[in-house]
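The values are calculated or read from the model by the stated rules, or taken from the named source; none is laboratory data. Quick caveat: nothing in here was measured; it's all calculated off a predicted structure. No Cβ is skipped: glycine too gets one built from the backbone with ideal geometry, and neighbour counts run over all protein chains shown.
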Amino acid sequence: MSEGSAGLKRIIELVQQYWSRSLLVLSSLVSLASILLMLATSIAQAAPARKLVRPGQLMIDGFVVKCGTTPALISESYPDFGAARRGLIILNPLKLRALPRGAKLLIYYHECAHQYVGGSELAADCWAVQKVRREGLMNRAGLKNACSFINKLPANRRHPPGAMRCRHMMRCYNDTFRARADKGVTKGKVGTAIDSTSNVLSNSGFSLVPGSRKPSGKNQFSK
């Protein structure tokens, strides 16, 4: 074999080796990209849903709720039923899902109350129960039903025991002059959402507002 032919053969072998290695690297990169995509998709699906809802756009069991200009953060990862931060209400729809409607509304307005009365838990309870009574959302039977859940709550470093809180709320129920509340609860259409992210709120009694109606002024729920 001539030197020219041998050289050409060697070049062909080197090119074949280069493309073989390149294809192997490319195949590895494609596999790695597929794994990363699957991992990212799994993380996205497993991540707890969160949504910031503008004031007046949240519904609880068909009732539009509003706390002045304070938005609500709906978070499935929050460790408690709800909480208040300055200028923000936090609610966990997964934890609230099985509660009586009265308890859901009292929790929302309890957290709302902290925007007005400060850190006192009993003052917030009183503000909340007077608010739902004035709005015609709860009668005495409804409060008793809500207390079937609240009575079971243990005391912690910030909250008195649930039984004490319910006794206090029963007293406040008749004292509507003590708390001041902005008007903001309206009857809406149950279970309707205005965007595709409503899965954050689904199956928990929470939804987004498709439109508002004026309060009827009647005792509309005792459940």
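Against the conditions (1) touching an Asp or Glu at 6+ places or on another chain (Cβ under 9 Å); (2) modelled with pLDDT of 60 or more; (3) within 16 Å of E111 (Cβ to Cβ), where does V185 fall short? Just the number, please.
That leaves (2) as the condition not met.
Based on what the data block shows, is I90 outside any helix (DSSP H, G or I), modelled with pLDDT of 95 or more and touching a strand residue (DSSP E or B) at 6+ places or on another chain (Cβ under 9 Å)? Step through it out loud before you land on a result.
On the way: outside any helix (DSSP H, G or I): yes; modelled with pLDDT of 95 or more: yes; touching a strand residue (DSSP E or B) at 6+ places or on another chain (Cβ under 9 Å): yes.
Judged against the criteria, I90 is a match.
Test I107 against the criterion of being modelled with pLDDT of 95 or more and touching a Ser or Thr at 6+ places or on another chain (Cβ under 8 Å), and give yes or no. Don't jump to the end; show me each part of the working.
Details: modelled with pLDDT of 95 or more: yes; touching a Ser or Thr at 6+ places or on another chain (Cβ under 8 Å): no.
For I107, the condition - modelled with pLDDT of 95 or more and touching a Ser or Thr at 6+ places or on another chain (Cβ under 8 Å) - is not met.
If you take the residues of region 144-173 that are among the aliphatic types (A, V, I, L, M) and in contact with a helix residue (DSSP H, G or I) (Cβ under 6 Å, 6 or more places away or on another chain), which of them is surrounded by the fewest Cβ atoms within 10 Å (Cβ to Cβ)? Spell out the reasoning first.
Start the filter on region 144-173 by keeping residues that are among the aliphatic types (A, V, I, L, M), which leaves 146, 150, 153, 155, 163-164, 169-170.
The next check asks that each one be in contact with a helix residue (DSSP H, G or I) (Cβ under 6 Å, 6 or more places away or on another chain); those that pass are 146, 150, 153, 169.
Numbers: A146: 26, I150: 22, L153: 18, M169: 21.
By that ranking, first place goes to L153.
Within region 131-153, how many residues turn out to be farther than 17 Å from D175 by Cα, in contact (Cβ under 8 Å) with a residue 12 or more places away in the chain and assigned to a loop (DSSP other than H, G, I, E, B)?
Of the residues in region 131-153, 2 are farther than 17 Å from D175 by Cα, in contact (Cβ under 8 Å) with a residue 12 or more places away in the chain and assigned to a loop (DSSP other than H, G, I, E, B).
Here's the yes/no breakdown for (1) in a helix (DSSP H, G or I); (2) touching a Cys at 6+ places or on another chain (Cβ under 8 Å); (3) surrounded by fewer than 18 Cβ atoms within 10 Å (Cβ to Cβ); (4) among the aliphatic types (A, V, I, L, M):
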residue: A98; (1), (2), (3), (4): no, no, yes, yes
residue: A103; (1), (2), (3), (4): yes, no, no, yes
residue: I107; (1), (2), (3), (4): yes, no, no, yes
residue: A123; (1), (2), (3), (4): yes, no, no, yes
residue: V129; (1), (2), (3), (4): yes, yes, no, yes
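Which of the numbered conditions does A84 fail, given that it passes all the others? Conditions: (1) surrounded by fewer than 23 Cβ atoms within 10 Å (Cβ to Cβ); (2) in contact with an Asp or Glu (Cβ under 7 Å, 6 or more places away or on another chain); (3) in a helix (DSSP H, G or I).
Going through (1) surrounded by fewer than 23 Cβ atoms within 10 Å (Cβ to Cβ); (2) in contact with an Asp or Glu (Cβ under 7 Å, 6 or more places away or on another chain); (3) in a helix (DSSP H, G or I) one by one, A84 breaks only (3).
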